[in-house]
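First up is the structure itself, then whatever we jot down about it.
The values are calculated or read from the model by the stated rules, or taken from the named source; none is laboratory data. Keep in mind that what you see is a predicted model, and the values were worked out from it rather than measured. Here Cβ is always computed from backbone atoms with ideal geometry, including for glycine, and neighbour counts include all displayed protein chains.
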Amino acid sequence: MSINFWDLLHQRQDELTKSGRAVADYLLQHADEAQYLSISSLAKECNVAEATVFRFCRALGFEGYHEMRIALAQANATGSMVNHQELQPGATTATLCDHAHALFMTAINGTQNALSTEAVDEAVNLMRAAKQVFCFGQGGSMLLANDICARFSSLSTKFRTAGDSHLQLLTASLMGPEDVVLFVSYSGATRDMMETLRTAKDAGAKIILLTH
């Protein structure tokens, strides 16, 4: 069955325990923030146990917290209907699309909420003034760095990339004060990344870190 999260909560509200109603009240008052919280963080905000949050999810008909948060995120983002049943290997294409859409919207909304426009403006000014901009990343982040480089290269010839961590380190050692490194990293704390950025900084280059 597919139903909007808020309609579902309204239908089941009278069936909730006192602790469950505390969770419901928090979601109603902090819907945008709640969709990004882990189960432990939500439990802390509601002054209840994690088990209470899990029971709340089950009381609404969800298999667990993950499914509940997807439904909440999609309701917040689009107001559209969402399938709140557990995603199974034999799920329909429509169900898979609903889940994928909700996950992407959660990521987009989370980025928007965490974004500092001042930091974006500063990064833009650094890249605009740079002689060369090197787009680096490692592992899976290298794919994103290459994509960023390709997109910016359609606007300017100053954008560069390097194939692996060793070449990135070598390139960093040859940079100067007019160069900028745009480094993409999910964790923002890998050893190779720190070594490359330290080398680039010692050479006088400016650093922009795009991280989670």
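Taking LEU174 as meeting all but one of (1) free of Cβ contacts under 8 Å to residues at least 40 places away in the same chain; (2) buried (at least 17 other Cβ atoms within 10 Å of the Cβ), write down the number of the exception.
Against the list (1) free of Cβ contacts under 8 Å to residues at least 40 places away in the same chain; (2) buried (at least 17 other Cβ atoms within 10 Å of the Cβ), LEU174 comes up short only on (2).
Give ASP98, ASP179 a once-over and let me know the one that is under 30 Å from ILE70 (Cβ atoms) and surrounded by 19 or more Cβ atoms within 10 Å (Cβ to Cβ).
Criteria check complete, one pass: ASP98.
May I ask you to verify whether SER187 is of a type in the set (S, T, N, Q), in contact with a strand residue (DSSP E or B) (Cβ under 8 Å, 6 or more places away or on another chain) and modelled with pLDDT under 95?
Yes, satisfied.
Collect the residues in segment 53-74 that are farther than 20 Å from ALA107 by Cα and of a type in the set (Phe, Trp, Tyr), keeping them in residue-number order.
Those that are farther than 20 Å from ALA107 by Cα and of a type in the set (Phe, Trp, Tyr): PHE54, PHE56, PHE62.
Determine which member of the set LEU27, LEU42, LEU8 is in the same structural domain as ALA102 (by TED's automatic domain parsing), buried (at least 19 other Cβ atoms within 10 Å of the Cβ) and touching a Gly at 6+ places or on another chain (Cβ under 8 Å).
Matching residue, one of LEU27, LEU42, LEU8: LEU8.
Which of the residues that make up segment 137-168 are in a loop (DSSP other than H, G, I, E, B) and more than 21 Å from the chain's Cα centre (by Cα)?
SER154, LEU155, SER156, THR157, LYS158, ALA162, GLY163, ASP164 - these are the residues of segment 137-168 that are in a loop (DSSP other than H, G, I, E, B) and more than 21 Å from the chain's Cα centre (by Cα).
Would you mind stating whether VAL180 is at negative phi and part of a strand (DSSP E or B)?
yes
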